[in-house]
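**Student:** Following this message is one structure expressed as structure tokens.
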Amino acid sequence: MSGRSPFPASRSASLSAAVDAVRTRLDRGRVAILLLGLVAAVVSFLVATRVFPYHSLNHDEGVYLQQAELLLSGRLFLRPPVDGPFRPWFFVESAQGLYSKYQPVPAAAFALGRVLGGYPIALAGISAGVVGGTAALARELYDWRVGVVAGVLVLASPLFLVQSGVYLPYALTAALELCFAVAYLRGERTESRRSAAVAGGAIALAFFARPYTAVLFASPFILHAVGTLARSGAWRAPVAQVGEARFGPIDDDQRALFGRRLATAGLGIAGVLAALGYNVLVTGEPLVFPYQAFAPHDGIGFGHREILGHEETYTLELGIESNRRVLTQLFTDWVAMGVVGAGLAAAGVLATAGSAIRGRVRDATDRASTALVARRAIVAGMFVSIAAGNVAFWGNFNILGALGVEDDGLIHSLGPYYHYDLLVPTAVFGAVAAVWAADRLGSVAEPRLPDRLTAGRIAVAVLVVAAGVAAPVAVATAERPLEHNTGISEELAAAYEPFEAEGGISAGNAALGGNQTDERTLTFLPPVYGPWLNHPFQAVRNDPDFDGPSLYAIGDYDELDVAAANPEHDLRRYVIRGPWNPVDGESVTAELRPVERVSGESVRLDAAVGVPEAAESVSIRVGGDAGETYAAADASEGTLGVMLTVNESTARLAGEGIDEPGTFAVGDRDELTLTVFVSTGPSTGFSYQLVFPVDTSGEEVRALSPTKERCPVPDRCVPAGLGPSPPGQFANATVVAGSE
């Protein structure tokens, strides 16, 4: 066999050139950034599926995922079969249907993850973009070592870790903004119009995702762009050809600068136009954003602010105080190593400023050095633009909860997410300080050590040792919010246990996009926070066509219409015992109860309730919108039987042990409530409450199985038969059809 290559010489040379090109591109800095991005992606996937298997306390996640599923179906609007009971949280009613109050870009990104195999894949890619983008930004401004350390600092930040596992827009917007920042700065360094165009496209998407957030991030870049145009005279490029005598000549550098600015601004404006065009599609007005259509007094600025009955007079003083508290928590609890990490960032800013001053003193005419200082100042300026701009947003007041209550509000569980972008300059300048200190130590130690140990090698060794020392601090800082949210998920697991038992969802699969059962079921969910779906039950959502095997509707709200619109689905009610408060450390008890459809010339409710030994008297009240009746009953220990018969216009109360049967009028569409009060003393007692809807407007009377509750006190009821009950206290009921 000859030693000749099996490939032609030209092909071998091309392959060798390609390998050399890859090696040139993949220097150690890029390799390190890619590895950091991979680690971030893995961490994000684990956080999403292990820490937040049922999503977080921020119910906006369900909004974005419902919107993502809507986009995957090729539509912008939900059109439920019955108005009202199918309305998801934070969806706006319109003549065209229901639409999300949020912009579609985050939902589209999550939808892409679903297409690729599961929603957490989107989070993994976004997290990789945030960590890799921060490292690339620091590398662009300093060197690969600063880039690596900056990436590690973001990765170790509790705010990044928690937000990496939730379907909220803050990390995605930051990833797009980082793409903009790196491309803009690289375009400045290399004078590349292509990079400038990439920057414009990225900030356009960021604006479409979260307009105000993108503006705050981009403000220092905009000032730099405008300032360099003005100082250089490049702004004269469009008119120089026709008015050179008046405006002066334009050189190639000025034309190139103007071209870069035009590319960035032109594509950036396209993002604004896209957002305004989307507004026209959904709200009908270009300047009315969906969130304004949902709550006109919710937004940026001061004065009266209101959303869903929560209102506040948001003053400048309240804004400053709220943001002071938010920033304090950010820099003490939510950046890498807490106060230590914040101190490193401050030192990095000072070190950068000192270096800039020294360089200017040495050579004020060095244009490249001056330009680099200006680019570094842009990133430092983000501290000011983001912190100051958020004062005008009352959301920072809301995430704190009650200002006088420690550990209240969503900030305790999910961090100061409106200030998420501040992780970027904090990590960059923290890395600057760490590398600067390592370099100083290396320079001091080099003369005292063997020749083979150069200052650079010593600096790297110092960074490795420092990382080992800092790691326990970073882990301790990140541990609290992760453990806190894991505890919340354990409480949520108890709430979703009935769905898991039948295969409807399972831990982790809620994040992956659900694991629907083959049975066709329609579940009535309790209106814990009002007439909204996915608030709080985010892990059980309807498909956009409302024709899937598992449907969900708000209970106690047009149940008969919902049942009639879905005749092929088995009905059940989801009931819970215990207050819905996933942060209190006490789990609820939950159950799925079958609901029967009944229709006939009349329907009869047969109820049996327990009368304990201590009972002194029993009274009954039953009625609906059109009328009611009262009766006294036998207080003897044992079981009290009650019958309520409903025909086309009236209902009749009767039963063994009831003194005087009563009759009352029933409306065409009514919800009848049967209350049995058992007195056990002059001021003590409890009651049973049974509620069921009836429809007498058609040829037959229709009804559904009742809800059954036991009320230890009038304003606190628990599902009867769910969990332990005192001796002799129980309630059973059925609804059957009859003929008269």
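**Student:** Give me the pairs, please: first residue somewhere in segment 239-256 and over 15 Å from residue 228 (Cα atoms), second residue anywhere and assigned to a loop (DSSP other than H, G, I, E, B) and at pLDDT 60 or above, beta-carbon distance under 9 Å, and either six or more positions apart or on two chains.
**Tutor:** Pairs found: 240/248; 240/249; 240/250; 241/250; 244/250; 247/233; 248/233.
**Student:** Consider segment 682-718. How many of its residues are in a strand (DSSP E or B) and closer than 21 Å to residue 615 by Cα?
**Tutor:** Residues meeting the conditions: 16.
**Student:** Quick one: would you say residue 553 is buried (at least 21 other Cβ atoms within 10 Å of the Cβ) and modelled with pLDDT of 95 or more? Write out each step before concluding.
**Tutor:** Numbers: buried (at least 21 other Cβ atoms within 10 Å of the Cβ): yes; modelled with pLDDT of 95 or more: yes.
Yes; evaluated as a whole, the condition is true for this residue.
**Student:** Counting only residues that are in contact (Cβ under 8 Å) with a residue 24 or more places away in the chain and part of a loop (DSSP other than H, G, I, E, B), how many does segment 538-577 have?
**Tutor:** Qualifying residue count for the region: 18.
**Student:** Still on this structure, please answer the following. Give the residues of segment 253-293 that are among the polar types (S, T, N, Q) and either more than 23 Å from the chain's Cα centre (by Cα) or under 23 Å from residue 176 (Cα atoms) (or both), sorted by residue number.
**Tutor:** First pass over segment 253-293, keeping only residues among the polar types (S, T, N, Q): 254, 264, 279, 283, 292.
Listed by number, the residues that qualify are 254, 264, 279.
**Student:** Here's something else I'd like to know. Can you tell me which residue within segment 719-740, out of those that are part of a loop (DSSP other than H, G, I, E, B) and among the hydroxyl-bearing types (Ser, Thr, Tyr), is nearest to residue 645 (Cα to Cα)? Break it down into steps so the answer makes sense when it comes.
**Tutor:** So in segment 719-740, the residues part of a loop (DSSP other than H, G, I, E, B) come out as 720-730, 739-740.
Now narrow it down to the ones that are among the hydroxyl-bearing types (Ser, Thr, Tyr): 725, 739.
On the way: 725: 28, 739: 10 Å.
Only one residue tops the list, namely 739.
**Student:** Tell me yes or no: at least one residue of segment 469-482 is aliphatic (A, V, I, L, M) and at pLDDT 85 or above. Explain how you work it out, then say what you get.
**Tutor:** Kept after step one, since they are aliphatic (A, V, I, L, M), are these residues of segment 469-482: 469-471, 473-476, 478, 482.
Now narrow it down to the ones that are at pLDDT 85 or above: 482.
Scanning segment 469-482, I find at least one residue that is aliphatic (A, V, I, L, M) and at pLDDT 85 or above, so the answer is yes.
**Student:** Separate question: Among the helices (runs of 4 or more DSSP H) lying completely within segment 243-328, list those that include at least 1 residues that are at pLDDT 95 or above and crowded, with 16+ Cβ neighbours inside 10 Å.
**Tutor:** Working: elements: 244-247, 252-282, 290-294.
Those helices (runs of 4 or more DSSP H) span 252-282, 290-294.
Residues are listed down the side, and each one gets a yes or a no for (1) within 20 Å of residue 578 (Cα to Cα); (2) acidic (Asp, Glu); (3) surrounded by fewer than 21 Cβ atoms within 10 Å (Cβ to Cβ); (4) outside the structural domain of residue 526 (by TED's automatic domain parsing):
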position: 645; (1), (2), (3), (4): no, no, yes, yes
position: 668; (1), (2), (3), (4): no, yes, yes, yes
position: 671; (1), (2), (3), (4): no, yes, yes, yes
position: 699; (1), (2), (3), (4): no, yes, yes, yes
position: 712; (1), (2), (3), (4): yes, no, yes, yes
position: 717; (1), (2), (3), (4): yes, no, yes, yes
position: 728; (1), (2), (3), (4): no, no, yes, yes
position: 732; (1), (2), (3), (4): no, no, yes, yes
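**Student:** Please determine whether any residue of segment 136-147 is in contact (Cβ under 8 Å) with a residue 60 or more places away in the chain and under 16 Å from residue 218 (Cβ atoms).
**Tutor:** Within segment 136-147, one or more residues are in contact (Cβ under 8 Å) with a residue 60 or more places away in the chain and under 16 Å from residue 218 (Cβ atoms).
**Student:** In this structure, is residue 50 in contact (Cβ under 8 Å) with a residue 60 or more places away in the chain, closer than 25 Å to residue 493 by Cα, within 24 Å of the chain's Cα centre (by Cα) and surrounded by fewer than 19 Cβ atoms within 10 Å (Cβ to Cβ)? I'd like the intermediate steps shown before the answer.
**Tutor:** Working: in contact (Cβ under 8 Å) with a residue 60 or more places away in the chain: yes; closer than 25 Å to residue 493 by Cα: yes; within 24 Å of the chain's Cα centre (by Cα): yes; surrounded by fewer than 19 Cβ atoms within 10 Å (Cβ to Cβ): yes.
Criteria met by residue 50.
**Student:** Looking only at segment 647-666, which residues are more than 48 Å from the chain's Cα centre (by Cα), buried (at least 17 other Cβ atoms within 10 Å of the Cβ) and among the β-branched types (Val, Ile, Thr)?
**Tutor:** 658
**Student:** While we're here: Identify the single condition in (1) crowded, with 24+ Cβ neighbours inside 10 Å; (2) in a helix (DSSP H, G or I); (3) not polar (S, T, N, Q) that residue 166 does not satisfy, given that it satisfies every other one.
**Tutor:** (2)
**Student:** So if I check each of 112, 70, which one is farther than 30 Å from residue 429 by Cβ, free of Cβ contacts under 8 Å to residues at least 40 places away in the same chain and either in a helix (DSSP H, G or I) or among the hydrophobic types (A, V, I, L, M, F, W, C) (or both)?
**Tutor:** Exactly one of 112, 70 is farther than 30 Å from residue 429 by Cβ, free of Cβ contacts under 8 Å to residues at least 40 places away in the same chain and either in a helix (DSSP H, G or I) or among the hydrophobic types (A, V, I, L, M, F, W, C) (or both), namely 112.
**Student:** If you scan segment 578-594, which residues turn out to be among the small types (Gly, Ala, Ser) and either in a strand (DSSP E or B) or more than 27 Å from the chain's Cα centre (by Cα) (or both)? Step through it out loud before you land on a result.
**Tutor:** As a first pass, look at segment 578-594 and keep what is among the small types (Gly, Ala, Ser): 578, 585, 587, 590.
Once the filter is applied, which keeps residues that are among the small types (Gly, Ala, Ser) and either in a strand (DSSP E or B) or more than 27 Å from the chain's Cα centre (by Cα) (or both), segment 578-594 yields only 590.
**Student:** Quick one: is residue 687 of a type in the set (S, T, N, Q), more than 21 Å from residue 658 (Cα to Cα) and out of contact with any Gly (no Cβ under 9 Å at 6 or more places or on another chain)? Write out each step before concluding.
**Tutor:** Numbers: of a type in the set (S, T, N, Q): yes; more than 21 Å from residue 658 (Cα to Cα): no; out of contact with any Gly (no Cβ under 9 Å at 6 or more places or on another chain): yes.
Taking the combined requirement at face value, the residue does not satisfy it.
**Student:** Next question, about the same structure. Out of (1) at positive phi; (2) touching a His at 6+ places or on another chain (Cβ under 8 Å), what's the single condition that is false for residue 167?
**Tutor:** That leaves (1) as the condition not met.
**Student:** Going by the conditions given, is residue 597 surrounded by 15 or more Cβ atoms within 10 Å (Cβ to Cβ), over 44 Å from the mean Cα position of the chain (by Cα), closer than 28 Å to residue 528 by Cβ and charged (D, E, K, R)? Before you say what the answer is, go through the steps one by one.
**Tutor:** Working: surrounded by 15 or more Cβ atoms within 10 Å (Cβ to Cβ): yes; over 44 Å from the mean Cα position of the chain (by Cα): no; closer than 28 Å to residue 528 by Cβ: yes; charged (D, E, K, R): yes.
Taking the combined requirement at face value, the residue does not satisfy it.
**Student:** Take residue 615 and tell me if it is surrounded by fewer than 15 Cβ atoms within 10 Å (Cβ to Cβ) and farther than 26 Å from residue 97 by Cα.
**Tutor:** Numbers: surrounded by fewer than 15 Cβ atoms within 10 Å (Cβ to Cβ): no; farther than 26 Å from residue 97 by Cα: yes.
Against the criterion (surrounded by fewer than 15 Cβ atoms within 10 Å (Cβ to Cβ) and farther than 26 Å from residue 97 by Cα), residue 615 does not qualify.
**Student:** Do you know which of the residues in segment 289-335 that are touching a helix residue (DSSP H, G or I) at 6+ places or on another chain (Cβ under 7 Å) and of a type in the set (Phe, Trp, Tyr) is farthest from residue 93 (Cα to Cα)?
**Tutor:** So the residue we want is 331.
**Student:** Tell me, yes or no, whether segment 376-399 has at least one residue that is at positive phi and at pLDDT 90 or above.
**Tutor:** Just the residues of segment 376-399 that are at positive phi, to begin with: none.
No, there is no match, as no residue in segment 376-399 is at positive phi and at pLDDT 90 or above.
**Student:** Quickly run through segment 519-537 and pick out the residues that are part of a loop (DSSP other than H, G, I, E, B) and polar (S, T, N, Q). Working first, answer last.
**Tutor:** Start the filter on segment 519-537 by keeping residues that are part of a loop (DSSP other than H, G, I, E, B), which leaves 519-520, 526-532, 534-537.
The answer is 534, and nothing else.
The values are calculated or read from the model by the stated rules, or taken from the named source; none is laboratory data. Model, not experiment: these values are computed from the prediction. Glycine gets a Cβ as well: all are built from the backbone with ideal geometry, and neighbour counts include every protein chain shown.
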